[in-house]
Amino acid sequence: MEFIDFRSDTVTEPTEEMLDAMRGARAGDDVYEDDPTVKLLEQKAAEILSKEAALFVPSGTFGNQLAILTHTERGDEVIIPKSNHIVVHEVGASAVIAGVGLRTLNDNFGELDLDEFKMAFRGSDIHYPKTGLVCMENAHSSGKVVPIQNLKEIYEYSKEMNVPVHLDGARIFNAASALGIEAKNIAKCADSVMFCLSKGLCSPIGSMLTGTKKFIIKARKNRKLMGGGLRQAGYLAAAGLISIEKMSKRLNEDHANAKYLAEKLSRIKGFKVSADRLDINMVFFTIDIKDFNEKKFIEFLFSKKIKISPPELGEYRFVTHYWITKEKIDFAIDAINSFMNSN
């Protein structure tokens, strides 16, 4: 039996169709812009988000940091919700790579208060850094989707202030599925958008950065500077094409499975599921049991070939994806019940 892996949707492996496409891909040196499959992927990525151009990059963090580097000048300040992935889980890269500061704002799972947001823009005082960029995220890594209206208001005011907006759209197709709209309707609320091919879409590696032609030309050179210039990347791009053309259209199945998993977990004594954060494919919960042995719990599930992450700040996260079926969820629930009944 293979492992059932709830740690993240980054653990998805290529389907047989993807592996066949990778084996048969036409490739070339992408640094010379000679790879036809990468070019096709970039064209398709731009089209699906209604942007002028796109660039294939190694990872989501790379794509976000490349966008920040390309949009800003050293010493700029970036306005961003304090719970966003760029702040919490990207190793402080913005300070190291782009040399910018982050002006973090209180948020409601990625949603900003418009009045507080407006007050965060810097004036021309000699003591202030320049506000160089705004960064938003949708879907948010909390499992919530940021309302389109909030994104529109943020984007419209940023345009008034002549400041670009970058969207961390790692899971933009999850957000689109949850909102019942096309991803391009989210993407139009930002000047640049990054999305992942390897989060829930089964590609083995890679993300896309989209924006204007001028922005992508500059980003291409910065990608080389950051060490992300890839050679025969067409073998990876072949999987990416299937990710955006097919895998992005089935994410509602993962969302339904997450709700199914949440309902099953909520029946277990002591398990407190965050029912208000089930917009996409994530289930967050705490275990309210005195002297509960987290290490023993994780090790027991591992012995049953179930992988989970340790809690972060007391909270567990289970993530559904292409390789998580209802049958596997039932198996995991039975294993959890077995542990709870014997401890």
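The values are calculated or read from the model by the stated rules, or taken from the named source; none is laboratory data. On a predicted model such as this, the values are computed, not experimentally measured, just so you know. All Cβ positions, even for glycine, are placed from backbone atoms using ideal geometry, and neighbour counts span all protein chains on display.
Scanning the stretch 4-16 for residues that are surrounded by 14 or more Cβ atoms within 10 Å (Cβ to Cβ) and either closer than 14 Å to Leu236 by Cα or of a type outside the set (S, T, N, Q) (or both) turns up Ile4, Asp5, Phe6, Arg7, Asp9, Val11, Glu13, Pro14, Thr15.
Can you tell me how many residues within the stretch 205-219 are in a helix (DSSP H, G or I) and either touching an Asp or Glu at 6+ places or on another chain (Cβ under 8 Å) or surrounded by 21 or more Cβ atoms within 10 Å (Cβ to Cβ) (or both)? Number of matching residues: 4. Among the residues of the stretch 153-193, those identified as touching a strand residue (DSSP E or B) at 6+ places or on another chain (Cβ under 7 Å), within 17 Å of Lys214 (Cβ to Cβ) and of a type outside the set (A, V, I, L, M) are Pro164, His166, Asp191, Ser192.
Considering only the stretch 120-131, state which residues are of a type in the set (S, T, N, Q) and more than 25 Å from the chain's Cα centre (by Cα).
Within the stretch 120-131, Ser124 is the sole residue that qualifies.
The condition (being touching a Lys or Arg at 6+ places or on another chain (Cβ under 7 Å) and on the phi > 0 side of the Ramachandran plot) is satisfied by just one residue among Gly110, Gly92: Gly110. Among residues of the stretch 36-60 that are at negative phi and without any contact (Cβ under 8 Å) to a residue 24 or more places away in the chain, those with a Cβ under 9 angstrom from a residue that is among the charged types (D, E, K, R) and assigned to a helix (DSSP H, G or I), sequence gap 6+ or separate chain, pair up as Lys39/Asp30; Glu47/Lys184. Taking Ile336 as the residue in question, decide whether it is over 30 Å from Val31 (Cα atoms), modelled with pLDDT under 95 and not assigned by TED's automatic domain parsing to the domain that holds Gly143. Taking the combined requirement at face value, the residue does not satisfy it.
Examine the stretch 186-198 for a residue that is within 13 Å of the chain's Cα centre (by Cα) and farther than 16 Å from Glu137 by Cβ, and state whether such a residue exists. Yes. If only one of Val134, Val100 is more than 22 Å from Gly206 (Cα to Cα), under 20 Å from the mean Cα position of the chain (by Cα), surrounded by 20 or more Cβ atoms within 10 Å (Cβ to Cβ) and modelled with pLDDT of 95 or more, which one is it? Result of the check over Val134, Val100: Val134.
Looking only at residues in the stretch 66-78 that are buried (at least 24 other Cβ atoms within 10 Å of the Cβ) and either among the hydrophobic types (A, V, I, L, M, F, W, C) or out of contact with any strand residue (DSSP E or B) (no Cβ under 9 Å at 6 or more places or on another chain) (or both), which one is farthest from Lys130 (Cα to Cα)?
Initially, the stretch 66-78 is screened for residues buried (at least 24 other Cβ atoms within 10 Å of the Cβ), giving 66-68, 70-71, 78.
Adding the requirement that they be either among the hydrophobic types (A, V, I, L, M, F, W, C) or out of contact with any strand residue (DSSP E or B) (no Cβ under 9 Å at 6 or more places or on another chain) (or both) leaves 66-68, 78.
Values: Leu66: 19, Ala67: 17, Ile68: 14, Val78: 9 Å.
If we take residues in the stretch 66-78 being buried (at least 24 other Cβ atoms within 10 Å of the Cβ) and either among the hydrophobic types (A, V, I, L, M, F, W, C) or out of contact with any strand residue (DSSP E or B) (no Cβ under 9 Å at 6 or more places or on another chain) (or both), then Leu66 is farthest from Lys130 (Cα to Cα).
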